[in-house]
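To start, the structure itself, in structure tokens.
Read the figures in this text as sums done on the coordinates, not as results from a lab. These figures come from a predicted structure and were not determined experimentally. Cβ placement follows ideal geometry from the backbone for every residue including glycine, while neighbour counts extend to all protein chains displayed.
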Amino acid sequence: MQPQNLPTSIHVALWKPEIHPNTGNIARLCAANGLPLHLVGTLGFRIDERYVDLRREAGLDELRAGLPESRLFYFSAHAERLYTDVRYRVGDCLVFGPESKGLPKELLLGNWDRALKIPMDSPRVRSLNLATAVAIAAYEALRQIRGS
Ligand SMILES: C[S@@+](CC[C@H](N)C(=O)[O-])C[C@H]1O[C@@H](n2cnc3c(N)ncnc32)[C@H](O)[C@@H]1O
């Protein structure tokens, strides 16, 4: 089956991504799995991955308005809840922050039960690379939803 014929399972959203190759990497992952990729806020570059279902939103309010049935999960190394503790469902949207700043603290505190972390053992590293974090989280959600 071609990726574009797969049923939509989850959404991936990047808020104000800053590093072109990271977004390109994530676009390839989304294209390979038939996942819509939402680029939220102003970008300093263009993406033209051929097979990705690319969607643009001006801000997080527009993202939420466009996905009224979806649960949004906010990924941060500062969260408490483990990303593996969620039972993901079709339609869920995984939201990630920009490379330099991450997601805003107020957004995380206001959605603390939906703020998720990927564990890291060393206190010397503050966060994972954005594309690595997306890959880990997206494949866990897909593993649960697809059963493999
Ligand atoms: C390079 S990190 C941002 C680092 C930023 N300086 C900070 O402290 O939040 C880019 C994005 O990747 C995701 N990310 C990176 N490491 C993560 C982790 N351990 N758990 C959850 N999300 C993570 C988050 O969405 C984060 O906003």
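Scanning segment 86-134 for residues that are away from the ligand (no atom under 13 Å from the Cβ) and β-branched (Val, Ile, Thr) gives a single hit, Val90. Taken over segment 77-105, the residue count meeting the criterion of being out of contact with any strand residue (DSSP E or B) (no Cβ under 6 Å at 6 or more places or on another chain) and within 16 Å of Lys16 (Cα to Cα) is 7.
Which residue is surrounded by the fewest Cβ atoms within 10 Å (Cβ to Cβ), if the candidates are limited to segment 89-127 and must be of a type in the set (A, V, I, L, M) and within 20 Å of Val40 (Cβ to Cβ)?
Going through the qualifying residues, I end up with Leu109.
For the condition under 15 Å from the mean Cα position of the chain (by Cα), of a type in the set (A, V, I, L, M, F, W, C), crowded, with 18+ Cβ neighbours inside 10 Å and over 13 Å from Trp15 (Cβ atoms), Val86 qualifies.
For Leu54, the conditions (1) in contact with a Leu (Cβ under 6 Å, 6 or more places away or on another chain); (2) closer than 16 Å to Ala133 by Cβ are fulfilled apart from (2).
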